[in-house]
1. From the backbone phi of the stretch 155-161, what are the Karplus-calculated ³J(HN,Hα) couplings (6.51 cos²θ - 1.76 cosθ + 1.60, θ = phi - 60°) in whole Hz, Gly and Pro given as x?
2. What list of ³J(HN,Hα) couplings, whole Hz, do you get for the stretch 19-26 from phi and the Karplus terms 6.51, -1.76, 1.60, once you set θ to phi - 60° and write x for glycine and proline?
3. Once every DSSP H run of n ≥ 4 in the chain is given -39500 (n - 2.57) and the sum is divided by its residues, what mean residue ellipticity at 222 nm do you get, rounded to the nearest 500 deg cm²/dmol?
4. Please report the antiparallel percentage of the DSSP beta bridges confined to the chain, to the nearest 5.
5. Solvent-accessible area per residue for the chain at a 1.4 Å probe radius, Å²?
6. May I have the convex hull volume per residue, in Å³, for the Cα set of the stretch 88-219?
7. Over the chain, what portion of Cα pair distances is larger than 27 Å, expressed as a whole percent?
8. Compute the acute angle (0 to 90°) between the alpha-carbon long axis of helix 271-282 and the principal axis of greatest extent of the alpha-carbon atoms of the chain; round to the nearest 10°.
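The values are calculated or read from the model by the stated rules, or taken from the named source; none is laboratory data. Predicted model only: the values in this text are computed from it and were never measured. SASA here: full protein model, heavy atoms, side chains in, ligands and nucleic acids out. Shrake-Rupley method; radii C 1.70, N 1.55, O 1.52, S 1.80 Å.
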Amino acid sequence: MSIAKANDGLISPRAVERVVTGREVMEGAGVRITRVLTQDLQRRLDPFLMLDIFRSDNPDDYGAGFPAHPHRGFETVTFMVDGRMRHKDSAGHQGLVENGGVQWMTAGRGVIHSEMPEQENGMMEGFQLWLNLPASEKMCTPWYRDFSSGDLPKFTTEQGVKVTVIAGEIDDTKGAVQRAGTEPLFLDLEFPVGASFAAPLPAEFNAFVVVYRGSVGAGNTPLVQRQMAIFANQGEKIELKASERSRAILLAGRPLNEPIAQHGPFVMNTNAELHQAVADFNAGRLGEWLLNGGENPEPQW
Ligand code: CO
């Protein structure tokens, strides 16, 4: 469906079901972040498991970074709005994600990785999203890619909204990443004053928007920075309107409707699979450890 069609008044917008304000938490080696998608919302926002915002110009908040830690059973997507972060993992991947770039990592059967700031001062701002994998793919081979800002497909709407298509497809623009099972749509939106934006979306897709600059209305609900609106599963499109220059990310995906079992950095379907993940990690079977002279890191959960 095209944007023009989505702006057609005949198809109905999805209402806001709930507004969530992010909570401050400490992660990694002492990084101050705002968690907007918390564990209690995993079922409601299936296939998304977590969303963190980090934004600070104080190195005390981010300097410690995220030293080596394991993951199994899902994908991590880092969208770096501003700043530089170095990634290394046990599958042998290494990369720098910076200034508008994205790193997409499929942990699959297991990686151990580190995410460390490559700056000593200045602004560090971005998001980390956890996207679940279907049961059939939880033990897949790890996969990883970095996309610079220039690699990410972008377009500007008639209203002047700059759209970056990180995943999925909209208005015939295919995003950087496609996933068959969960069909995630991940858009970064930059609104001029007064601009509106509409995205067609099947009602069964779980969807939410997070504002990180200015103020954006979802229907009659105004949202400010660090607020997330969860959309009801009724209607055919998402409608947003910015009252000032604003930025937001819009996420949607097809729910997996499978059991979710999480223990820290492992997300599986059953407790038995979680015990297996911990046992594999403790035995050094979860990712071959290449980063730290072959030594398994201390668990950090
Ligand atoms: Co990680």
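1. For the stretch 155-161, the Karplus curve yields 8, 10, 7, 4, 7, x, 7 Hz.
2. Calculated HN-Hα couplings, in order: 10, 10, 9, x, 10, 7, 9, 9 Hz.
3. Working: 3 runs with 20 residues, N = 301.
Computed mean residue ellipticity for the chain: -1500 deg cm²/dmol.
4. Details: 97 of 100 bridges.
Roughly 95 percent of the DSSP beta bridges within the chain come out antiparallel.
5. Numbers: 12760 Å² over 301 residues.
Per residue, the chain has 42 Å² of solvent-accessible surface.
6. Values: hull volume 17.2 nm³, N = 132.
Dividing the Cα hull volume of the stretch 88-219 by its residue count gives 130 Å³.
7. Numbers: 17610 of 45150 pairs.
Distances greater than 27 Å cover 39 percent of the Cα pairs.
8. Helix 271-282 and the main axis of the chain meet at about 50 degrees.
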